[in-house]
1. Taking the stated definitions as given, is Val83 closer than 18 Å to Phe2 by Cβ, at pLDDT below 90 and touching a Cys at 6+ places or on another chain (Cβ under 7 Å)?
2. In region 9-29, what residues are under 15 Å from the mean Cα position of the chain (by Cα), open to solvent by 50 Å² or more (accessible area, probe 1.4 Å) and either more than 19 Å from Ala67 (Cα to Cα) or modelled with pLDDT of 95 or more (or both)?
3. Would you be able to say whether some residue in region 64-83 is farther than 16 Å from Ile22 by Cα, touching a residue at least 24 places away in the same chain (Cβ under 8 Å), among the aromatic types (Phe, Trp, Tyr) and out of contact with any Pro (no Cβ under 8 Å at 6 or more places or on another chain)?
4. Kindly establish whether Val130 is among the β-branched types (Val, Ile, Thr), over 22 Å from Phe2 (Cα atoms) and more than 14 Å from the chain's Cα centre (by Cα).
5. Keeping to region 28-62, report how many residues are out of contact with any helix residue (DSSP H, G or I) (no Cβ under 7 Å at 6 or more places or on another chain), touching a residue at least 12 places away in the same chain (Cβ under 8 Å) and either under 22 Å from Gly91 (Cα atoms) or acidic (Asp, Glu) (or both).
Amino acid sequence: EFIFEANSIVGSLCGNCIGVHIRRTDYRLAKTVSTTAKFVTRMKQEVLKNPNVCFFVLTDDVKEQEALQKVFDKKIVSQPQKVLNRDTWDGIHCSIIDVLCLSKTKYILGSNASVFSKFAAEYGSKDLFVM
């Protein structure tokens with residue numbers, strides 16, 4: 001079930017889809033080291049290299065998602081109807097789908113010291129670039 005859901009989100013985009021994991025709400029170091037500006041700069045470089053690129057974005061901060069959506073518009077792909085609260089079954093389910101989606105992208109732009117970014121990269125045998 002989980003793999004089917006992940007494939008339905010990013011399966012047809014894998015060749016042109018880069019994973020983006022921006023951790024914010026509970027980890028100060030990720031906010032100060034892996035700034036939003038670093039992510040945006042790198043993502044803009046990727047668009048210049050390949051205008052057909054898209055980004056699977058996952059974050060624990062809705063404001064980050066909205067900011068990237070404003071800059072990159074339809075190039076942003078994310079899990080629909082996502083639940084951020086990891087203390088619920090639905091939230092845990094969403095986090096599993098997120099990590100599977102990340103693991104299926106071309107490579108991952110991740111947050112500093114994030115086990116989630118690292119696990120997705122290792123699980124999918126993808127390169128991880130920490131912003």
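The values are calculated or read from the model by the stated rules, or taken from the named source; none is laboratory data. On a predicted model such as this, the values are computed, not experimentally measured, just so you know. Neighbour counts run over all protein chains shown; Cβ positions are idealised from the backbone, glycine included. Just the protein is used for accessible areas: all its heavy atoms, side chains included, with ligands, DNA and RNA removed. Shrake-Rupley method; radii C 1.70, N 1.55, O 1.52, S 1.80 Å.
1. Details: closer than 18 Å to Phe2 by Cβ: yes; at pLDDT below 90: yes; touching a Cys at 6+ places or on another chain (Cβ under 7 Å): yes.
Judged against the criteria, Val83 is a match.
2. Leu13, Asn16
3. Taking every residue of region 64-83 in turn, none turns out to be farther than 16 Å from Ile22 by Cα, touching a residue at least 24 places away in the same chain (Cβ under 8 Å), among the aromatic types (Phe, Trp, Tyr) and out of contact with any Pro (no Cβ under 8 Å at 6 or more places or on another chain).
4. Values: among the β-branched types (Val, Ile, Thr): yes; over 22 Å from Phe2 (Cα atoms): yes; more than 14 Å from the chain's Cα centre (by Cα): no.
No, not satisfied.
5. 5
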